[in-house]
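Written below as structure tokens is the structure these notes are about.
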Amino acid sequence: MSALAVITTVGSHDEAQALAKALVERKLAACVQISAIDSVFHWQDAVQSEPEYRLLCKTTDERYPALEHAILALHSYDLPAICALRLDPIYAPFADWIAAET
């Protein structure tokens, strides 16, 4: 089992809360942290600047496909950012908790 941190962004705090709750309730993520951020990005032939909310989801590589599917189903963006980082090294008891909760 490998622990992952999966990152996505949404446009509102309400959407961030709803998505985080759905992922945790479905046991796709053990924990989701929400942070307010400012994003600058290229979209539709122009540089955009928007406030967003970053979700950092702790999960396992085994649960990643289902988590990605859920994010795509629940997300309001046409092209949501979804990326995963391996948490390695990781404190073993924390990794065990992630595995137990997902």
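Taken together, the values in this text are just the output of simple stated rules run on the coordinates, not laboratory data. Keep in mind it's a predicted model, so treat the numbers as computed, not measured. Cβ coordinates were reconstructed from backbone atoms using ideal geometry, including for glycine residues, and neighbour counts include every protein chain displayed.
Of all the criteria given as (1) acidic (Asp, Glu); (2) over 27 Å from Phe94 (Cα atoms); (3) surrounded by fewer than 17 Cβ atoms within 10 Å (Cβ to Cβ), the one not satisfied by Asp61 is (2). Going by the conditions given, is Lys58 under 24 Å from Asp96 (Cβ atoms), assigned to a strand (DSSP E or B), in contact (Cβ under 8 Å) with a residue 12 or more places away in the chain and basic (Lys, Arg)? Answer is yes for this residue. Residues in region 69-102 that are among the small types (Gly, Ala, Ser) and either assigned to a loop (DSSP other than H, G, I, E, B) or touching a Gly at 6+ places or on another chain (Cβ under 6 Å) (or both): how many? Within region 69-102, residues that are among the small types (Gly, Ala, Ser) and either assigned to a loop (DSSP other than H, G, I, E, B) or touching a Gly at 6+ places or on another chain (Cβ under 6 Å) (or both) number 2.
Across region 47-102, the qualifying residues are those that are small (Gly, Ala, Ser) and under 21 Å from Ala36 (Cβ atoms), and the one among them that is farthest from the chain's Cα centre (by Cα) is Ser49.
Just one of the numbered conditions (1) touching a strand residue (DSSP E or B) at 6+ places or on another chain (Cβ under 6 Å); (2) surrounded by fewer than 16 Cβ atoms within 10 Å (Cβ to Cβ); (3) touching a residue at least 60 places away in the same chain (Cβ under 8 Å) is not true of Asp88: (1).
One residue stands out among those in region 2-53 that are surrounded by fewer than 13 Cβ atoms within 10 Å (Cβ to Cβ) and aromatic (Phe, Trp, Tyr): the one that is farthest from Ser76 (Cα to Cα), which is Phe41.
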